[in-house]
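Engineer: Have a look at this one.
Read-outs throughout are calculated quantities, based only on the coordinates presented, and are distinct from any laboratory measurement. These figures come from a predicted structure and were not determined experimentally. Virtual Cβ from ideal backbone geometry, glycine too; neighbours counted across all protein chains shown.
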Amino acid sequence: MVLAGIGAGLAVIGAGLGIGKIGGSAMDAIARQPEAAGKIQTAMIIAAALIEGVALFAVVVALIA
Amino acid sequence: MVISNKPLQFLFAAIVACIPFVGFANPAVDSTHVTTEAVAEHHGEAAHEEKEFNATELINSHIGDAHEFHIADWGGHPISFYLPVILWTNNGLEIFSSEKFHHDNEGHHVVDVNGQELVRYKEVIFYKDKFETLTEEERKNGAFAFDARPLDFSITKNVFSMLMSTIILFLLFLAVARSYKKNPKAPKGIAGFLEPLVTFVRDEIARPNIGEKKYGKYMPYLLTIFFFIWINNLIGLIPFFPFSSNLTGNIYFTFVMAFITFLVTTFSGNKDYWGHIFNTPGVPFWLAPIMVPVEIIGMLTKPFALMIRLFANITAGHIIILSLVSLIFIFDTVAVSPISGAFVLFMSVLEMLVAALQAYVFTLLSALFIGQAVAEHDHH
């Protein structure tokens, strides 16, 4: 139970760093080119969703364990 | 038809019409029943005083599926909306009300259906004689003990909610279609609310990801999953009957949704899509024994991630809200309730955003996968 919690926590740290990086970069990109905001947002959400997918695999493993 | 002109009124009328089905538990059916129940009740009360509040149990029962729709407890008696239990047993089809289980989920109350004795343990129905031979571990994983239980096709809480959302969507879009027929100019009313969403799915999801030429064929599917997931996410956030079921946080439901996306992607895959899987361009042929399995696993992980994403996001949201409510009962004081209530409000508003976002992400990724399958590559 405790180990599963630690595992889920580690997965969350990784996903948090990844999504944070994407969000930060998207902000930079929008600040540079506000007219491309729509396209950047779509790409940002796709990338965030893919990272989240990996994190969720880890969470499911933690749930099963 | 008068009914479908006023979908909301019709829905309300339907809900009111269902009220007679809401029975109180422990109806005095016959005298023998009453006596056994009175004894059981006495034991139950004695146990109740010692019983501590168990947040895990409460949360699990709220996010899980159930044979009856539990509404409230009144004076120690549960008030429920009893849904039909439909079983395929060894003797064929059996249909009866979930009221017969008397809210028992511990495998104690035996239900006799045409000579077959059934018990229910944690929302899984077993044959009584086979249930007694199972170990504790096997009982917990009861859903997979296929030889010890009949096939369960019951209209459970989630199925009920799914049927209801289908009817809501059907009436909603029927009303929209009718308003376009009557009024071919600028949309009014409900059509004016839904048209921007439909054009959003078309212009922001389907067109850029599938391509200008082919997107039209996939629009019905994308719109269906978008609105279906969205409305079910929202229904799960409404905390009272007949809503509140955790349908999109049910792994079987999300599995089916992801599986349909997988089927659509696989069957619309063109020559290039299959070529990239079985004969990846630019890769030497002797690498095929490694590349082909990897590509096939890649085909399967994409819908798998779709399934887990929706399931985990919605379930996590429900667990957080229920945990915040449980805090009041864990600390056992009213003083916590304003803080907990404020957090629940905040989380609920956040969950409304997540509800729309997850419907969007599911549709967007489905469109992306379909787009990959139908894309035509230039070979040099």
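Engineer: Pick out, in residue order, every one of the trypsin sites (Lys or Arg not before Pro) in segment B:113-212 that is DSSP loop and has at most 12 other C-beta atoms within 10 Å; say none if there are none.
Structural biologist: Hits after loop and neighbour filter: B:Lys185, B:Lys188.
Engineer: Hey, rough spin-label estimate for A:Arg32 and B:Met352, points 7 angstrom out along Cα→Cβ, what's it come to in nanometres?
Structural biologist: It is 3.7 nm.
Engineer: What do you get for trypsin sites (Lys or Arg not before Pro) in segment B:207-278 restricted to DSSP loop and a cutoff of at most 13 other Cβ within 10 Å of the site's Cβ? Show your work: numbers first, answer last.
Structural biologist: Details: sites: B:Lys213, B:Lys214, B:Lys217, B:Lys271; in loops: B:Lys213, B:Lys214.
Qualifying residues, ordered by number: B:Lys213.
Engineer: Take the eigenvalues of the Cα gyration tensor for the protein assembly as shown, scale each by 5, and report the square roots as semi-axes in whole Å, largest first.
Structural biologist: 43, 28, 25
Engineer: Moving to a separate point now. Taking amide H positions as placed 1.01 Å from N in the peptide plane, with prolines and chain starts having none, which residues 5 or more places from B:Asn105, or on another chain, fall under 5 Å of its amide H?
Structural biologist: Residues meeting the amide H criterion: none.
Engineer: Another question about this same structure. Using alpha carbons only, how many degrees (0 to 90, rounded to 10) separate the axis of helix B:7-18 from the longest principal axis of chain B?
Structural biologist: On a 0 to 90 degree scale, this one is about 30.
Engineer: Additional query: Given just the C-alpha atoms of segment B:227-376, how large is their convex hull per residue in cubic angstrom?
Structural biologist: 132
Engineer: Okay, moving on. Amide H of B:Val85 versus every other amide H placed in the peptide plane: which residues, excluding those fewer than 5 positions away on the same chain, fall under 5 Å?
Structural biologist: Sorted by chain and number, the residues that satisfy this are B:Phe96, B:Ser97, B:Ser98.
Engineer: How much length is gained if the chain between B:Ile251 and B:Asn270 is pulled fully straight, taking 0.36 nm per residue apart and subtracting their Cα-Cα distance, in nm to one decimal?
Structural biologist: 3.8 nm is the gain from fully extending B:Ile251 to B:Asn270.
Engineer: Right, here's the next one. Any idea what the relative contact order of chain B is, in percent, if you count C-alpha pairs under 8 Å spaced at least 6 apart?
Structural biologist: Working: 415 pairs, mean separation 61.6, N = 380.
Here the relative contact order equals 16 percent.
Engineer: Okay, next question. Could you tell me the distance between the Cα centroids of segment B:113-144 and chain A, to the nearest Å?
Structural biologist: The two parts, judged by their Cα centres, are 42 Å apart.
Engineer: Can you give me the angle between helix B:31-50 and the longest principal axis of chain B, using Cα atoms only, in degrees from 0 to 90, rounded to the nearest 10?
Structural biologist: Compared with the principal axis, the helix lies near 80 degrees.
Engineer: May I pose another question? What percentages, rounded to whole numbers, describe P(r) for chain B computed over all alpha carbon pairs with 10 Å bin width beginning at zero?
Structural biologist: 4, 17, 25, 24, 17, 9, 3, 0, 0
Engineer: Using amide H atoms built in the peptide plane, which far-off residues or other-chain residues are under 5 Å from B:Ile79 H to H?
Structural biologist: B:Ile71, B:Ala72, B:Asp73, B:Trp74
Engineer: Please label the shape of segment B:121-278 as rounded, prolate or oblate, based on the square roots a ≥ b ≥ c of the eigenvalues of the alpha-carbon gyration tensor (a/c under 1.5 means rounded; beyond that, a/b larger than b/c means prolate, else oblate).
Structural biologist: Oblate.
Engineer: Taking the 0 to 90 degree range and rounding to the nearest ten, how far is the long axis of helix B:337-374 tilted relative to the main principal axis of chain B, both from C-alpha atoms?
Structural biologist: With both axes taken from Cα atoms, the answer is about 40 degrees.
Engineer: Something else now. Using DSSP to call loops (not H, G, I, E or B), can you name the chymotrypsin sites (Phe, Trp or Tyr not before Pro) in segment B:158-257 whose Cβ has at most 11 other Cβ atoms within 10 angstrom?
Structural biologist: Within segment B:158-257, the qualifying chymotrypsin sites (Phe, Trp or Tyr not before Pro) (loop, at most 11 other Cβ atoms within 10 Å) are B:Phe240.
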